[in-house]
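In what follows, a structure is listed as C-alpha cells, so that the remarks can point back to it.
The values are calculated or read from the model by the stated rules, or taken from the named source; none is laboratory data. Here the structure is a predicted model, which is why all the values come from computation and not from measurement. Here the Cβ positions follow ideal geometry from the backbone for every residue, glycine too, while neighbour counts run over all protein chains shown. Surface areas here come from the heavy atoms of the whole protein model, side chains and all, with no ligands, DNA or RNA. Shrake-Rupley method; radii C 1.70, N 1.55, O 1.52, S 1.80 Å.
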Amino acid sequence: MRHATKVAAIVAAAALGLAACGSSETPSNSSSNGGTQPAANGGEKLKVGMAYDVGGRGDQSFNDAAAKGLDKAKSELGVEGLEAAATNGEPESAREERLQQLIDAGYTNIVAVGFAYAPSVKKVAAENKDVKFALVDSTDAEGPNIENITFAENEGSFLVGAAAALKTKTNVIGFVGGVETPLIKKFEVGYIAGAKAVNPKIEVKVKYLTQPPDFSGFSSVDKGKAAADGMYQQGADIVYHAAGGSGGGVFQAAKAAGKLAIGVDSDQALTADSSVRDVILTSMIKRVDVGVFDFIKSIKDGNFQAGNKVFDLKAGGVDYATTGGKIDDIKDKLDDYKQKIISGEIKVPAA
C-alpha cells in the first residue's frame, strides 16, 4: 500500500480516469453521508472498486450489467464504490495502473469487468495479497484472492438462436461479434446450435468487427451498423449481436432495414436507445449483475471463496428476455429447450 499523501493525490488526479460514486449515487451510499453501515472489515463501509471494460458505465450492455450489480450492493449492502473504465487501444500497463489506483485509494475489493483484465489482475493480485478480486469472464488469472465469475453464454445464446429460427421469414439470420475471441465464439456457437436445432437448413451469417489486440469492436457503433447492414442486404431478417456498445449500430441497421435484432447481456429492449427498442426481438440476458452482487455480498458476509464460479441456465446466470411481447407465441417452445438444457438432455457446444 502507498502512503496517505499519495493516496490523496491519486484520488484528486483527474487524469487517472477514476469516477467517484458521488452525484450518480443515492445519498445513502455517498462516502460523506452519515449512518455508515458496518462492514466485514469492522465498522466502515465496504469499499468496492469497479474497473470497467471499454465503453464503461452507459454502454447499455455488458458494463451496465456489472454496474447494476454494484448499484444493488450500494442500495442493499451499504457499500461505497469507485469506478474507472478502460479506453480503446490502451497498453496493458494502463489496466494494471487502474487496478492499483483503485487499491491505493482504499478500495480493496476489486471487480475487473471483462477478460481483457486477466493479465493485469494476475499481476496486481499477486502484489496485493490482502485485496480480493473478482475477474469477470475469464479464468486466465487464478489465485487465493481471485474469484472468477464466468457464464454459460453458449446456453443463453442457444435459446435466442432458437427464437431467431422460429421467427425468421427468410431462413437467413446473422451474428455480429465484437472481437473474435474464445469468449465471443461461445455466443456464436451456441446461437448457431439453437438455430439449427429448430431448422438444420437455416443459413447463419457471421461477422466479427475486429481481431485481438484491437478491442474497438466492442465500442464502435459504425462498425456494428455496417456489419448488420450487409447481412440485412444479403437476406437476413434477424441479427444477434455480442458486441457491447457496437450493438447500438446493429439496432440502427435493423431499424433502417425494417428488420429485427437480438440484444445481449442486458434486456436491451429496456436499455437501448428508445428509438430502436421496437426492433429488438429478444435479448440474451447475461446476469453479470448477479455475479458482481454475489461477490460483494460474500465479502460482506465473510464468505469469500477464490476460484471459478459458473453462472449457467440452471443457476439463473443466463436467460432470454420477453420484453416487448415479440416472442410470447414461442415462449413454450423456448422454455422446453431451456428445461432440456438444464436437465442435460441437450448438450450445448461451447466451441
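Of the residues making up the stretch 71-83, none is hydroxyl-bearing (Ser, Thr, Tyr) and either modelled with pLDDT under 95 or over 29 Å from Asp273 (Cβ atoms) (or both). Taking the stretch 21-56 as the range and being touching a Leu at 6+ places or on another chain (Cβ under 9 Å) and at pLDDT 95 or above as the test, the residues that pass are Leu46, Lys47, Val48, Gly49, Met50, Ala51.
For the stretch 125-166, the set of residues classified as of a type in the set (Gly, Ala, Ser) and either in contact (Cβ under 8 Å) with a residue 24 or more places away in the chain or part of a loop (DSSP other than H, G, I, E, B) (or both) consists of Ala134, Ser138, Ala141, Gly143, Ala152, Gly156, Ser157, Gly161, Ala162, Ala163, Ala164, Ala165, listed by residue number.
Inside the stretch 116-149, can you point out the residues that are hydroxyl-bearing (Ser, Thr, Tyr) and open to solvent by less than 20 Å² (accessible area, probe 1.4 Å)? Tyr117, Ser120, Ser138 - these are the residues of the stretch 116-149 that are hydroxyl-bearing (Ser, Thr, Tyr) and open to solvent by less than 20 Å² (accessible area, probe 1.4 Å).
Within the stretch 48-59, can you find the residues that are open to solvent by 20 Å² or more (accessible area, probe 1.4 Å) and not charged (D, E, K, R)? Matches in the stretch 48-59: Gly55, Gly58.
With a requirement of 3 or more residues that are surrounded by fewer than 23 Cβ atoms within 10 Å (Cβ to Cβ) and at pLDDT 95 or above, the strands (runs of 3 or more DSSP E) lying completely within the stretch 196-276 that satisfy it span 203-210. Among the residues of the stretch 295-311, those identified as surrounded by fewer than 19 Cβ atoms within 10 Å (Cβ to Cβ) and within 30 Å of Tyr191 (Cα to Cα) are Gly307, Asn308, Lys309, Val310.
In the stretch 167-186, the residues that are among the charged types (D, E, K, R) reach residues that are outside any helix (DSSP H, G or I) and open to solvent by 10 Å² or more (accessible area, probe 1.4 Å) with C-beta atoms within less than 6 angstrom, at least six apart or across chains, in these pairs: Lys169/Asp237; Glu180/Tyr208; Glu180/Gln211; Lys186/Ala350.
Check whether at least one residue in the stretch 301-318 is touching a residue at least 24 places away in the same chain (Cβ under 8 Å) and closer than 22 Å to Gly58 by Cβ, and report yes or no. No, because not a single residue in the stretch 301-318 is touching a residue at least 24 places away in the same chain (Cβ under 8 Å) and closer than 22 Å to Gly58 by Cβ. Can we say Leu281 is farther than 19 Å from Lys186 by Cα and surrounded by 24 or more Cβ atoms within 10 Å (Cβ to Cβ)? So Leu281 passes the test. Screening Phe62 on (1) open to solvent by less than 40 Å² (accessible area, probe 1.4 Å); (2) modelled with pLDDT of 95 or more shows it passes everything except condition (2). Report whether or not Ser157 is of a type in the set (S, T, N, Q), open to solvent by less than 20 Å² (accessible area, probe 1.4 Å) and within 26 Å of Lys331 (Cα to Cα). Yes. The C-beta contact set for the stretch 223-238 (first residue farther than 14 Å from Tyr208 by Cα, second residue in a helix (DSSP H, G or I), distance under 7 angstrom, 6+ apart or interchain) comprises Tyr232/Ala253; Tyr232/Ala257; Ile238/Ala164; Ile238/Lys167. Condition first: under 19 Å from Val176 (Cβ atoms) and within 20 Å of the chain's Cα centre (by Cα). Can you find one or more residues in the stretch 303-311 that meet it? Checking the stretch 303-311: not a single residue is under 19 Å from Val176 (Cβ atoms) and within 20 Å of the chain's Cα centre (by Cα).
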